[in-house]
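The values are calculated or read from the model by the stated rules, or taken from the named source; none is laboratory data. Just so it is clear, the model here is predicted, and its values are computed rather than measured. All Cβ positions, even for glycine, are placed from backbone atoms using ideal geometry, and neighbour counts span all protein chains on display.
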Amino acid sequence: MKLKTADVAKASAAVAGAPARYDDRSILLHWITAGLVILLWGIAQVIDFFPRGMPRITVRSLHILLGVTLGVVILLRMAWRASSGWRLPLAAPGFIGYGAKLVHYGLYLLVVATVALGIANVWVRGDSIFGLLTVPKLAPGDQVLKETVEDLHGWFANAVLILAALHAAAALVHHFALRDSVLRRMLPGRDLQ
């Protein structure tokens, strides 16, 4: 069965009695997550441009601190969603709606894996956090392990960014092409029916 644009738009409208947008805490955690993902990826792209020593240690430490913050935020977000967050109907019927749900779970999984690999990266490499705390090397001299964990962390971070960009593009298609309320469900502010 082929869905027409108008059918998708009608099906993705809010169900009678259901909230027209997510609760404020879910929205806040969503945008904090998005901001941290973009900021962390951007920082990772420029770390090696900083001179060795304290400038690079400071930028890497900031990346680590923000990565730990992302880990806490994503765990809070998952706990909130599992216990108290509002569950809205699927954004679209059938395959499209379940595909969107799969993308959401994929994003959660990729972010958790990226943060875990980041923590592993710190332990494998050994690091100084702002020159105040030294994380010892887990496997001194094992260059292959160090490079493997670092590469995996980077690949997963890139996968998060790519999937998040597709997620954002889909939200924009819903808003501008399908002209439905999918994007507005996650915007901060008052109910925007």
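Structure summary
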read-out: Residue match in segment 106-117 (condition: crowded, with 17+ Cβ neighbours inside 10 Å, touching a strand residue (DSSP E or B) at 6+ places or on another chain (Cβ under 6 Å), modelled with pLDDT of 95 or more and of a type outside the set (S, T, Y)); value: no
read-out: Residue that is surrounded by the most Cβ atoms within 10 Å (Cβ to Cβ) [pool: residues in segment 77-100 that are within 17 Å of the chain's Cα centre (by Cα) and of a type in the set (K, R)]; value: R77
read-out: Single match in L152, L178, L172 (criterion: in a helix (DSSP H, G or I) and closer than 26 Å to Y98 by Cβ); value: L172
read-out: Residue among V68, V37 that is buried (at least 16 other Cβ atoms within 10 Å of the Cβ), in a helix (DSSP H, G or I) and either aliphatic (A, V, I, L, M) or modelled with pLDDT of 95 or more (or both); value: V37
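Every residue, every condition in (1) aliphatic (A, V, I, L, M); (2) surrounded by fewer than 16 Cβ atoms within 10 Å (Cβ to Cβ), yes or no:
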site	(1), (2)
L102	yes, yes
R125	no, no
D151	no, yes
G154	no, no
A170	yes, no
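Residues checked against (1) more than 27 Å from M186 (Cβ to Cβ); (2) at pLDDT 95 or above; (3) in contact with a Leu (Cβ under 6 Å, 6 or more places away or on another chain):
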site: A92; (1), (2), (3): no, no, no
site: G97; (1), (2), (3): no, no, yes
site: L102; (1), (2), (3): no, no, no
site: V122; (1), (2), (3): yes, yes, no
